[in-house]
């Protein structure tokens, strides 16, 4: 009986050791499996992070390249726009110069009229000249006229300035009475400051007592 008890104890002890051994092996296997899973997850996470970084870098590079292309296109378009504007401005300048030259050629040199000494009334022959001026101005309404009053060198500067103005106004009134719009005319006196003939004799003085007409294109 006692022998049986001893054998039973030995068997039980062996079973306990076996159970402990099996349990320990199982735990080690679980730990190893968990360690393997953790390393795999870390590898996947690292791969995902690397891929995300690569995609971000690629997107940033593509964005930079796109911005550079857009900038290059804008700069090209801007250069073309400026070139077109410069060409258009140059063409407009040429056309304006051409038109000014045409109008200058079209504008006649209206003949001066003359006055007697210290007078501003219109003589019959000067009225005939002014009639022709009025006819031309009425036919060519795109032109304006400036009427300059001039005197000879005798008399004071102040007196001649006033006399020159009266001479210019007399010519203007005749043209206006003939139908030329007042808005197309202006008067100015130069007195004795701009003599046509610099001589100091009656022939020179007769030339300098005058009204001079400057025809220009009417401002639009």
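Before moving on, here are some points about what is shown:
- Scanning segment 158-171 for residues that are surrounded by fewer than 21 Cβ atoms within 10 Å (Cβ to Cβ) and in contact with a strand residue (DSSP E or B) (Cβ under 6 Å, 6 or more places away or on another chain) yields 161, 165, 169.
- Residues of segment 133-155 classified as surrounded by 13 or more Cβ atoms within 10 Å (Cβ to Cβ) and out of contact with any helix residue (DSSP H, G or I) (no Cβ under 8 Å at 6 or more places or on another chain), total: 4
- Evaluation of residue 176 against (1) more than 16 Å from residue 114 (Cα to Cα); (2) without any contact (Cβ under 8 Å) to a residue 24 or more places away in the chain; (3) out of contact with any strand residue (DSSP E or B) (no Cβ under 8 Å at 6 or more places or on another chain) (one fails), failing number: (3)
- With respect to the conditions (1) assigned to a helix (DSSP H, G or I); (2) in contact with a strand residue (DSSP E or B) (Cβ under 6 Å, 6 or more places away or on another chain); (3) farther than 18 Å from residue 117 by Cβ, residue 145 lacks only one, and its number is (1).
- Scanning segment 186-217 for residues that are under 39 Å from the mean Cα position of the chain (by Cα) and farther than 16 Å from residue 110 by Cα yields one hit, 188.
- Residue in segment 90-98 that is touching a helix residue (DSSP H, G or I) at 6+ places or on another chain (Cβ under 6 Å), farther than 19 Å from residue 182 by Cα and either surrounded by 12 or more Cβ atoms within 10 Å (Cβ to Cβ) or modelled with pLDDT under 95 (or both) present: no
The values are calculated or read from the model by the stated rules, or taken from the named source; none is laboratory data. Nothing here was measured: the structure is a model prediction, and the numbers come from that model. When we count neighbours, we look across all protein chains shown, and the Cβ atoms used for this are built from the backbone with ideal geometry, even at glycine.
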